[in-house]
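Chemist: Have a look at this one.
The values are calculated or read from the model by the stated rules, or taken from the named source; none is laboratory data. Since the structure is predicted, the reported quantities are computational estimates derived from the model, not experimental observations. Here the Cβ positions follow ideal geometry from the backbone for every residue, glycine too, while neighbour counts run over all protein chains shown. Accessible surface is based on the protein model in full, side chains and every heavy atom, while ligands, DNA and RNA are left aside. Shrake-Rupley method; radii C 1.70, N 1.55, O 1.52, S 1.80 Å.
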Amino acid sequence: MPRKKKVQPVKEAVAKKRTRKLKPKQFQTVRGMRDILPDVQPYWQKVRKAVEKIANDYSYNRIDLPLVEFRELYERGTGKGTDIVEKEMFKFKTQGGDDVALRPEGTPGIVRAYLQNGMQSWSKPVKLSYIGPMYRYDRPQEGRYREFYQFGFEAIGEKDAILDAQVIQMALRVFKTIGFKKMSLQINSIGCSECRPSYNSLLVSYLNNRKKSLCMDCKKRLKNNPLRVLDCKEEKCTQIVSQAPQAIDHLCKECKDHFTFLLECLDELDVSYEINSRLVRGLDYYTKTVFEIWATNDENGARKALGGGGRYDELFETLGGKRTPAVGFAAGIDRVVEKMKETGVKAFYPAIPKVYLAQLGDMAKKKSLRIFEELEKAGIGVAESFGRGNLRSQLNQANQLDMDLVLIIGQREALDETVIIKDMKCGSQEVVAFRKVVDQVRKKLKNNS
Ligand code: HAM
């Protein structure tokens, strides 16, 4: 008789399946997000240091804003018809039912913070600077990420064009301080709510007559945001736009005088610029001045602007405040770092320690922590490998790192509260009490240098 196959009871089979070990899933970053690893940090550090220095030199105070704000802030501020709001916002509802968004840019948040924190009473202009991540759900590609970092400057409360010139000067100073040699300043004026409507209708009637030849996107833009047709990169649109009426020829007196004075200030500073009648910027709040800084002065530069900004005298009213003139600028740090690498701009590398701290045995290990802190407090950089127990391997490492001095604490030294200081250049060594280590190390480093 054939033997019957033993049938596993269902319960037992389920239990077995449950206990079978599944390999834990390994996670990857979300599309468009990336790690900024230690090897590129020296570039980022150079940018941050330059921004901090220039902000300090021009008396801009640091402000940190929330990453999450009400979605409506951007819908009204950045503008409903903009790509950012229409296509690129990371938006969600909180558990409490608030409609919020991850900030796609800093300017509306700055205005909200100004109004919310009573900065109206501060002395003018209120000068603010920021650095931090922004989020735009764009198609990821080189120079375009879904999470990217910006630094920015905003000067609030002055309508004088000298502030526009100073913001541009600062932006250029940051790039120069980082080490860029060649940059292109593109500048334009797009008027204000007084003169723009009549310019807009001129532009619309010009474009309407050529509507058939425009790209699909521009046909839509013609309805919602005709100015944006001007910066379309499609060949057929650029041809039409090249003959279109230009905003600077239709400015009201105030806007015209403002732009003229700004250009005079830039001339005074010997800053070269290109008046670019197609530069309108993709955000709704700009009035008068708009500008961008490109790494090259060709069309490729437009696609990868290092930064851009302009005046936004009407945004405060849009966001529920009193009319308050303001001007600002923001740049993308990711793009700046890419450009630094591409053009061979040096990164910032902090001073390498010249002193190595080696130890042998548990007691010495504990004492080493104390000596490390004493030296660190005195501003002396120290390398170590506290996890290693073998003295020879630590000395080998000190040799490889080309250290000037090695401090050795063994069992005996730990008991005596002393340290052996070995001079790696001349080979001499001496025993020094703990309390004298800092002074002695300092003296030896000075002699060696
Ligand atoms: P924006 O031109 O939208 O202006 O952005 C400024 C800079 O951020 C760009 O020039 C670019 O370097 C960088 N950037 C933008 N999107 C991305 C992305 N997806 N990936 C990498 N980098 C990117 C503003 O944000 C305005 N808030 C500037 C401003 C300040 N206007 C007045 N005050």
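Chemist: Dipole size in debye (nearest 20) for the chain around its Cα centre, Lys and Arg Cβ +1, Asp and Glu Cβ -1?
Modeler: Charge dipole of the chain: 3280 debye, to the nearest 20.
Chemist: If I take the Cα coordinates of region 355-448 and project them onto the principal axes, what are the three extents in Å, biggest first?
Modeler: Largest to smallest, the principal-axis extents are 33, 28, 22 Å.
Chemist: Given Cys237, Gly77, Leu102, which one lies farthest toward the positive end of the charge dipole of the chain, if we put +1 on the Cβ of every Lys and Arg and -1 on the Cβ of every Asp and Glu?
Modeler: Farthest towards the positive pole: Leu102.
Chemist: Also, quick follow-up: Roughly how far apart, in whole Å, are the Cα centres of region 34-99 and region 365-383?
Modeler: So the separation of the two Cα centres works out to 38 Å.
Chemist: Mind giving me the nanometre distance, one decimal, between the label points for Arg412 and Ile275, set 7 Å out from Cα along Cα→Cβ?
Modeler: The answer from the label model is 8.3 nm.
Chemist: In whole Hz, what ³J(HN,Hα) sequence does region 127-133 give by Karplus (6.51, -1.76, 1.60; θ = phi - 60°), x for Gly and Pro?
Modeler: Computed from phi, the couplings for region 127-133 are 10, 10, 10, 8, 9, x, x Hz.
Chemist: So what is the 222 nm mean residue ellipticity for the chain from helices alone, if each DSSP H run of at least 4 adds -39500 (n - 2.57) and you divide by all residues, rounding to the nearest 500 deg cm²/dmol?
Modeler: Estimated from H runs of four or more residues: -11500 deg cm²/dmol.
Chemist: Quote the FRET efficiency, to the nearest 0.05, computed for Ser242 versus Leu401 with a Förster distance R0 of 51 Å and r equal to the Cβ-Cβ distance.
Modeler: Taking R0 as 51 Å, the efficiency between Ser242 and Leu401 is 0.25.
Chemist: When the chain is fully extended, how far beyond the present Cα-Cα distance does Thr318 get from Ser198, taking 0.36 nm per residue of separation?
Modeler: So the chain would gain 41.1 nm between Thr318 and Ser198.
Chemist: Report, by chain and number, residues whose modeled amide H sits under 5 Å from the one on Thr418, excluding near sequence neighbours (fewer than 5 apart, same chain).
Modeler: Amide H neighbours of Thr418: Phe434.
Chemist: Looking at region 355-448, what % of its DSSP beta bridges pair antiparallel, to the nearest 5?
Modeler: About 55 percent, rounded to the nearest 5.
Chemist: What accessible area per residue comes out for the chain, rounded to a whole number of Å², with a 1.4 Å probe?
Modeler: On a per-residue basis, 56 Å².
Chemist: Need the full-extension length gain, Gln26 to Leu445, defined as separation in residues times 0.36 nm minus the C-alpha distance. One decimal, nm.
Modeler: 146.1 nm
Chemist: Treating the beta-carbon of each Lys and Arg as +1 and of each Asp and Glu as -1, no other charges, what is the dipole magnitude of region 355-448 about its Cα centre, to the nearest 20 debye?
Modeler: Charge dipole, region 355-448, about its Cα centre: 60 debye, nearest 20.
Chemist: Ok, one more. Convex hull volume of the Cα atoms in region 132-220, per residue, in Å³?
Modeler: So the per-residue hull volume is 195 Å³.
Chemist: Another question about this same structure. Projected onto the charge dipole of the chain (+1 at Lys/Arg Cβ, -1 at Asp/Glu Cβ, origin at the Cα centre), which of Ile162, Val111, His258 gives the Cα projection farthest towards the positive end?
Modeler: The Cα lying farthest towards the positive end belongs to Val111.
Chemist: A further question on this structure: So which of Lys49/Lys80; Lys176/Lys354; Lys236/Lys304 end up more than 25 Å apart by C-alpha?
Modeler: Over 25 Å apart, Cα to Cα: Lys49/Lys80; Lys176/Lys354.
Chemist: Give the shape of region 24-167 as rounded, prolate or oblate, defined through the alpha-carbon gyration tensor: a ≥ b ≥ c are the square roots of its eigenvalues, a/c under 1.5 means rounded, and otherwise the shape is prolate if a/b is larger than b/c and oblate if not.
Modeler: Taking the square roots of the gyration eigenvalues as a ≥ b ≥ c, region 24-167 is oblate.
Chemist: Further question on the same structure: Hey, what did region 277-391 get for relative contact order, percent, Cα under 8 Å, at least 6 apart?
Modeler: Reported relative contact order: 17 percent.
Chemist: Just to verify a number: FRET efficiency for Phe261 and Thr343, C-beta to C-beta distance, R0 = 45 Å, to 0.05?
Modeler: Using R0 = 45 Å, I get an efficiency of 0.85.
Chemist: Considering the dipole of region 276-403 built from charges on the beta carbon (Lys and Arg +1, Asp and Glu -1) around the Cα centre, which of Gly321, Thr343, Tyr356 is farthest to its positive end?
Modeler: Farthest towards the positive end: Tyr356.
Chemist: Using alpha carbons only, how many angstrom separate the centre of region 222-266 from the centre of region 398-423?
Modeler: With region 222-266 and region 398-423 each reduced to a Cα centre, they are spaced 69 Å.
Chemist: Take the alpha carbon atoms of the chain, find their radius of gyration, then divide it by 2.2 N^0.38 Å using N residues; give the quotient.
Modeler: So the Cα radius of gyration is 1.36 times the expected 2.2 N^0.38 Å.
Chemist: Next up: Give me the percent of accessible area attributable to carbon and sulfur for the chain, probe 1.4 angstrom.
Modeler: Carbon and sulfur: 49 percent of the exposed surface of the chain.
Chemist: Could you check the spin-label model distance between Asn61 and Ser205? Points 7 Å from the Cα along Cα→Cβ, value in nm.
Modeler: 5.0 nm
Chemist: Multiply the residue separation of Asp362 and Asp98 by 0.36 nm, subtract the distance between their alpha-carbon atoms, and state the gained length in nm to one decimal.
Modeler: 89.5 nm
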